[in-house]
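Just so it is clear, none of the values below were taken in a lab; they were calculated from the coordinates. Please read these numbers as outputs of a predicted model, since none were measured by experiment. Heads up, the Cβs are rebuilt from the backbone with ideal geometry, glycines too, and the neighbour counts pull from every protein chain shown.
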Ligand code: GCU
C-alpha cells in the first residue's frame, strides 16, 4: 500500500507474533489531564496499527498494562531510592507480578515522564523487543531539548528544503491543524521538549498581540506533550514596535519596554520558554549598535524574563565581515572576556563548529573556553551545506563525533557532551538546539531518510552519550521494518553516509567551498564578492604551493583558542587527525599522508571514494526492493540517483579546479573529470 512517510517513526505498522498482543486488552491509566489524554490517544493508535485492536480501559489496577505516577504503593516493586535517582522527566518500565498475574508497569514522577515512558514502551513493542527482567529506566541528561525553526512569518523557511513552514499563521489561531499535534507527538516520542517557532533573523512582528494569540494557540497544542514554546527576539523591537528612539540595553525606557512586553507574552502563554537571540551578526541589530557588550544585551532580556523563569538563549554566532580576523576566531575573542558576566538565566548557544555547519568541523573552541557561563550546543539538522533535501547524510555520527571530542578543559575526559549537559562545570541550566529540517512536504523533511536526522537529534538531546548505530537501528525499525535483511544494509548505508558526503564535498578538512549563497553544489572558485570571508578561495587558499587554511601560530593562530593538549596535537600536521588536516594547515601538494600517498593523490581518491559509495548506495537500495512499500522505495531511489550524479559533479568540479594549482595528474583509480 502507499505510504507517503507522513507518519514518520510513529508508523505503528502491523506486527505478528508479538508477546505484547494481549497488552492492550486491559489498560489501567490513573489520573486525568491533557497529558493523560495524549497517552491514551497514543496507545489507541499503536494498538490499532500494530494489532488491529482497540484499547480496553480498565479500572482495575491489576490490568495488563498499568500507567501511573510513582507513589508509596509502588515501593515494593520499585524501591524509592531507585526512583529518586531519576530526574523529574525520567520513567521506569517494569514487568511485575500483580496478585499472581504478570503486569507491565510504567511509572514516573511526572505526567510527562509517563508520556515519555509510554512512547518508549510502544517503540519496544514495535521493535518486538523484550523488557529486561530488572526493568528499564531512563531519564534525560540535558534539561532543554529544543528545535530551532528558521521559519519566517510569510512561511518561507531560511535554509529549509522541504516546502514551506508548517506554521500556518494565516489560519491560526482559529484553525488547529492535525499536523501540529502530530508534530508534538513526534517530538515527544524522542524527548524534544521545546521549540523556537521563528527564524533567528527575526521579525519583531511576532511579538505583537496579533501573533502572540497565534503563538498561544500553538503552545496550547504542545503543552500536553511537554513542549514549551520560545520565540526569537529582534533586538531592535523597542524601536520598531515601541517607537522608542533607541534599543540601548542600558536605557531605562528600553528595559521597561522589554519588561512590559514579556509580561504581555506571559499573559498569552503562561509557560512561555523564553527568547533565542541572534544579535550583531549578518546584519542583525544588537548591543554593538550602542557600544554595549553581548552580556549587556543578553542580560537586558534575561532580567525581563527572570520573574517568569524564562531563559535567554544568546547566540555566539557573532562575527563581523569587516574584521580582518579569521572568522573561526571571532566568537571566542568576543565571548571569552565576558565569561561570568551573564545572568543565571542566560545560556550561550554555540554552533558545533566555529565557521558554519560545514560537513565536518572541529568542535567550537568556546566549548571548554567558557567555564562560568553555561553553553548550549546548536546543531544544524537541515542540510544547508550537506546537499539540501536530496543527499542522504545521516548526521548522528557527525553529532556524536562532536559530542565525544575531548576538549581537555578540565583534564582528560572533558568531552563536549559533558559541557553541554552542564556536568563538567556544574551548571544547572543545560540545553541543546537543532535547526529544524521540517517543512510542509508530505514526509516533513523532503528526503525520507532526513526524518532520521530529526529523530537522531532528539535522541542525542535526551542522551548525548547515545551511539549512532543504536539510533539508526531504532529509526529503521520504527520507520520501515525490523527485518534484519533490510535493517543491516540500510544501517550500513546510513552510518557511512556522513563520511561519504564529506569525501565528495570537503575531504581532509576542506571547508566552505560550496556555491555562492545557496550553498548547494561546488563553488571553490567563488571570488570577487564583497566580503573576503564569503569567498570560497579564502577558505581553501589553494595556490601552486599547496592547499589549506593555516590556523597554526604561523597562520591565524586559531589553535591558541583550544586547550594546550589539543593546540599542541593539532599544530603539527603529523599529529593532526587527517580529517582536520586542511582545516588547520596549509600544505604542499606533495605532502605525504599517513598511507604514504601524496596530498593531491589522497584528496583525489577521497573524492572518488565518495562518488563510488554514492553509486553503490543506489545498488544497495535496489537490492532491497520489496522489503518496504513501493512509494517510499521509489522516492528514496530517485533521490539516491540524484546524489550519485551530484557526487560526481562535486568530484569533477573540485578536482578540475584544484588541478589548475596542483598541476598534477589525476591518480590511478580516479575517474578523469570531464
Ligand atoms: C548561516 C546561514 C544563514 C543563517 C546563519 C545563522 O550563515 O547561511 O542563513 O541565518 O547561519 O545561523 O544565523
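Can you compute the FRET efficiency between residue 553 and residue 578 using 1/(1 + (r/R0)^6), with r the Cβ-Cβ distance and R0 = 25 Å? Round to the nearest 0.05. Computed FRET efficiency for residue 553 and residue 578 comes out at 0.75. Taking label positions 7 Å along the Cα-Cβ direction at both residue 615 and residue 529, the computed distance is 3.2 nm, reported to one decimal. Between the alpha-carbon centres of the stretch 159-181 and the stretch 187-230 there is a gap of 11 Å. Look at 320, 468 and count the other Cβ atoms within 10 Å of each Cβ; fewest to most, that gives 320, 468.
Each Cα pair of the stretch 441-578 feeds into the Kirkwood radius, which the Stokes-Einstein equation turns, at 37 °C and 0.692 mPa s, into a diffusion coefficient of 179 µm²/s. Expressed to the nearest 5 percent, the antiparallel share of DSSP beta bridges inside the stretch 144-479 is 5 percent.
Counting every C-alpha pair in the stretch 63-216, the share spaced more than 20 angstrom apart comes to 59%. Shown here is the pair-distance distribution of the stretch 93-173: with all Cα-Cα distances grouped in 10 Å bins from zero up to the longest one, the shares run 14, 29, 20, 22, 11, 3, 0 percent.
The convex hull drawn around the Cα atoms of the stretch 144-479, when projected onto a plane and averaged over every direction, covers 15.9 nm². Over the chain, Cα pairs under 8 Å with separation of 6+ residues give a relative contact order of 12 percent. Taking the inverse of the mean 1/r over every pair of distinct Cα atoms in the chain gives a Kirkwood hydrodynamic radius of 26.3 Å. With the simple model of a label 7 Å out from the Cα in the direction of the Cβ, residue 485 to residue 660 spans 5.2 nm. Spatially, the stretch 231-254 and the stretch 5-26 are offset by 52 Å when compared through their Cα centroids. The antiparallel fraction among DSSP beta bridges confined to the stretch 21-138 stands at about 55%.
Most simply put, the chain has about 30% antiparallel DSSP beta bridges, counting only bridges with both residues inside it. Here is how the number arises for the chain: DSSP H runs of 4 or more residues each give -39500 (n - 2.57), the sum is divided by the residue count, and the result at 222 nm is -11000 deg cm²/dmol. If R₀ is 35 angstrom, what is the calculated FRET efficiency for the pair residue 154 and residue 245, using the beta carbon separation as r and rounding to 0.05? Taking R0 as 35 Å, the efficiency between residue 154 and residue 245 is 0.75. The length gained by stretching the chain between residue 428 and residue 44 to full extension, at 0.36 nm per residue less their Cα-Cα distance, is 134.5 nm. With just the Cα atoms defining each centre, how far is the stretch 55-69 from the stretch 71-105? Give it in Å. Measuring centre to centre over Cα atoms gives 14 Å. Calculated on the alpha-carbon coordinates, the convex hull of the stretch 340-382 measures out at 68 cubic angstrom per residue. The modelled label-to-label distance between residue 80 and residue 131, using points 7 Å beyond Cα along the C-beta direction, is 2.3 nm. For the stretch 21-138, the Kirkwood hydrodynamic radius from C-alpha pairs, put into Stokes-Einstein at 4 °C and a viscosity of 1.567 mPa s, yields a diffusion coefficient of 91 µm² per second.
Sorted fewest first by neighbouring Cβ atoms within 10 angstrom, 33, 616 come out as 33, 616. Projected onto its three principal axes, the C-alpha set of the stretch 317-462 covers 46, 37, 29 Å, listed from the longest axis down.
By the beta-carbon count within 10 Å of each Cβ, the least crowded to most crowded order of 102, 469, fewest first, is 102, 469.
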